[in-house]
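Chemist: Take a look at the following structure, please.
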Amino acid sequence: MEPDKAKHLLQRERERIQAELASLRNARGDGGDELSRVDQHPADQGSEMFETERDQSLIERLEHDLDAIARAERRLEEGTYGVSVESGEPIPEGRLEAVPWADRTADEQARYEAGS
């Protein structure tokens, strides 16, 4: 993949993720109505806890993706972008277009995530 195209894709994804993070953080920080916690039914408390935990999980995943984008930008500067960090094999361009921060081929990533 051409470096300019890679840089554009990474920047676009960085901006998208930062916007999602800002939205999630604003939603969490919004204390809502002062009376919303008074005499709350246990099921409502459970729903609120679920939503808080879900949002925190999403925030952590998005922060992980931002870190991966930063690593991909470093590889781009070093001239190793598009090459698997595991095998040194080229990462197919289609994969890089779908996941610009990919640092492994799809097969390598599947094995990595499976823990083998």
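Values in this text are rule-based calculations from the coordinates and carry no lab data. Only a predicted model underlies this, so the values are computations on that prediction, with no experimental measurement involved. With ideal geometry, Cβ positions are generated from the backbone for all residues, glycine too; neighbour counts draw on all protein chains shown.
Chemist: For region 65-82, what does the Karplus curve 6.51 cos²θ - 1.76 cosθ + 1.60, with θ = phi - 60°, yield as ³J(HN,Hα) per residue in whole Hz, taken in order and with x for Gly and Pro?
Modeler: 5, 5, 4, 5, 5, 4, 5, 5, 5, 5, 4, 4, 5, 7, x, 10, 5, x
Chemist: Work out from phi, with θ = phi - 60° and the Karplus expression 6.51 cos²θ - 1.76 cosθ + 1.60, the ³J(HN,Hα) of each residue of region 8-22, listed in order in whole Hz, and give x for Gly and Pro.
Modeler: Each residue of region 8-22 in turn: 5, 4, 5, 5, 4, 5, 4, 5, 4, 5, 4, 5, 5, 4, 4 Hz.
Chemist: Something else now. Would you grab the residues whose amide H sits under 5 Å from the one on Val83? Only those 5+ places off in sequence or on another chain, please, with H modelled 1.01 Å from N.
Modeler: Ile91
Chemist: Shifting gears a bit: Under a crude label model (7 Å from the Cα following the beta-carbon direction), how far is Ala110 from Glu20 in nanometres?
Modeler: 2.3
Chemist: Given labels modelled 7 Å from the Cα in the Cβ direction, how far is it in nm from Asp4 to His64?
Modeler: My value for the distance between the label points is 3.5 nm.
Chemist: Moving on. Using θ = phi - 60° and the Karplus curve 6.51 cos²θ - 1.76 cosθ + 1.60, what whole-Hz ³J(HN,Hα) does each residue of region 96-110 get, with Gly and Pro shown as x?
Modeler: 5, 6, 6, 9, x, 8, 4, 10, 9, 5, 4, 5, 5, 5, 4
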